[in-house]
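Notes follow the structure.
The values are calculated or read from the model by the stated rules, or taken from the named source; none is laboratory data. Predicted model, so just to flag it, every value in this text is computed and none were measured. For neighbour counting, all protein chains shown are included, and Cβ atoms are generated from backbone atoms with ideal geometry for every residue, glycine included. The area values use the complete protein model at the heavy-atom level, side chains included, leaving out ligands, DNA and RNA. Shrake-Rupley method; radii C 1.70, N 1.55, O 1.52, S 1.80 Å.
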2 protein chains.
Amino acid sequence: MRNYAGTPISKDEVDKLLHAAMAAPAAVNMPPWKFIVVTDKTVLKKLADGLPFAKMLLAAGTGIVVCAAPEEAALGSKEFTLLDCACASENILLAAESFDLGAVWTAIYPNKEVMDFVRNELNIPQQVIPLNLIPVGHPVAQEKAKDKYQPKNIYWNKWA
Amino acid sequence: MRNYAGTPISKDEVDKLLHAAMAAPAAVNMPPWKFIVVTDKTVLKKLADGLPFAKMLLAAGTGIVVCAAPEEAALGSKEFTLLDCACASENILLAAESFDLGAVWTAIYPNKEVMDFVRNELNIPQQVIPLNLIPVGHPVAQEKAKDKYQPKNIYWNKWA
């Protein structure tokens with residue numbers, strides 16, 4: 001979803017999205033995620049200006065930066081941390097859809113320059129990985145989900 | 001969910017779970033996932049015997065191995081591939097829950113020995129990463145979702 005109506009979502013809606021996010025599974029039940037909710041227009045504009053795929057951020061009105069903190073993860077594992085945070089991100093996208101909101105994953109990780117730009121703008125510690133920025137807002141129109149099912153991706157009992 | 005009643009799920013249910021999986025977002029719309037559905041008892045037993053966290057596989061009756069194929073991903077990126085496959089996996093877990101089935105992510109990646117064991121048992125090519133094994137089945141009892149919401153993980157407009 002990339003076309004937003006311009007009116008920001010409510011704090012209550014943000015809170016529901018973050019409840020969904022934190023319901024994701026985490027390795028060894030050690031949640032390694034942090035969420036920076038950006039609603040300040042000055043900050044939104046700086047991020048939109050610096051990020052090539054987040055120009056819709058101002059129209060969306062809210063951006064959620066999902067951050068991965070390996071030091072809080074099981075075994076301090078960067079791999080587990082990123083996977084757990086991907087699940088939390090997917091939960092945000094699905095919850096947004098279920099509330100008729102629009103949301104889209106725009107990548108920060110693994111591009112080092114983009115990660116450093118976001119770390120710098122949002123004061124994120126060096127050891128924390130900003131994974132993505134999810135603009136969330138009211139969509140201009142409801143989009144129909146694409147059918148992306150492909151039987152060729154399915155094997156039975158062993159790789160063909 | 002780790003306690004299964006012993007009766008396998010139907011092929012129709014497997015198909016619904018895989019529809020949900022492939023509805024996940026993929027970087028640059030290049031889906032890099034493959035799914036090996038294991039229902040053969042001999043294969044299930046071999047996997048259960050070799051994997052320390054998948055002993056419930058035989059009682060579950062079905063295991064889905066989510067595989068990440070970087071060569072099919074945007075830019076051949078291993079990072080994008082793993083994140084996309086994590087989202088597909090989360091969709092399987094959520095879809096299972098919505099159908100009153102039980103499912104749990106048991107890790108294969110990033111443990112090299114475990115990845116090699118699964119590659120060998122299921123004939124998976126060396127360049128493909130088996131990410132996890134998701135036992136799916138009928139639960140002995142419905143479990144209530146834990147509330148894992150933690151306000152300490154939320155920041156507004158910048159870190160801390």
In the stretch A:51-62, what residues are crowded, with 18+ Cβ neighbours inside 10 Å and either in contact with a Leu (Cβ under 7 Å, 6 or more places away or on another chain) or not in a helix (DSSP H, G or I) (or both)?
A:Leu51, A:Ala54, A:Met56, A:Leu57, A:Leu58, A:Gly61, A:Thr62
Screening A:Ala23, A:Ala5, A:Ala95 for residues that are open to solvent by 20 Å² or more (accessible area, probe 1.4 Å), on the phi < 0 side of the Ramachandran plot and more than 10 Å from chain B (Cβ to nearest Cβ) leaves only A:Ala5
Of everything in the stretch B:122-141, what is more than 12 Å from chain A (Cβ to nearest Cβ) and open to solvent by less than 10 Å² (accessible area, probe 1.4 Å)? Give them in sequence order.
B:Leu133, B:Pro135, B:Val136, B:Gly137
Here is a list of conditions, (1) hydroxyl-bearing (Ser, Thr, Tyr); (2) surrounded by fewer than 17 Cβ atoms within 10 Å (Cβ to Cβ); (3) more than 26 Å from B:Ala69 (Cβ to Cβ), and A:Tyr149 meets all of them except one; can you say which number that is?
(3)
Residues in the stretch B:8-44 that are part of a helix (DSSP H, G or I) and hydroxyl-bearing (Ser, Thr, Tyr): how many?
1
So A:Val65 passes all but one of these: (1) part of a loop (DSSP other than H, G, I, E, B); (2) under 22 Å from B:Ala24 (Cα atoms). Which condition number does it fail?
(1)
Any idea which residue in the stretch B:103-120 is most open to solvent (accessible area, probe 1.4 Å), counting only those that are farther than 28 Å from A:Ala20 by Cβ and either within 8 Å of chain A (Cβ to nearest Cβ) or β-branched (Val, Ile, Thr) (or both)?
B:Val114
Please count how many residues of the stretch A:71-90 are open to solvent by less than 10 Å² (accessible area, probe 1.4 Å) and within 8 Å of chain B (Cβ to nearest Cβ).
5
In the stretch B:91-140, what residues are touching a Cys at 6+ places or on another chain (Cβ under 8 Å) and in a strand (DSSP E or B)?
B:Ile129, B:Pro130, B:Leu131
Which listed residue, of A:Asp100, A:Asp49, is under 22 Å from A:Lys16 (Cα atoms) and more than 12 Å from every other protein chain (Cβ to nearest Cβ)
A:Asp100
Residue by residue through the stretch B:36-50, note down the ones that are touching a residue at least 40 places away in the same chain (Cβ under 8 Å) and open to solvent by less than 10 Å² (accessible area, probe 1.4 Å).
B:Ile36, B:Val38, B:Leu47
Filter the stretch A:26-35 down to the residues that are within 7 Å of chain B (Cβ to nearest Cβ) and modelled with pLDDT of 95 or more, then identify the one that is most open to solvent (accessible area, probe 1.4 Å).
A:Pro31
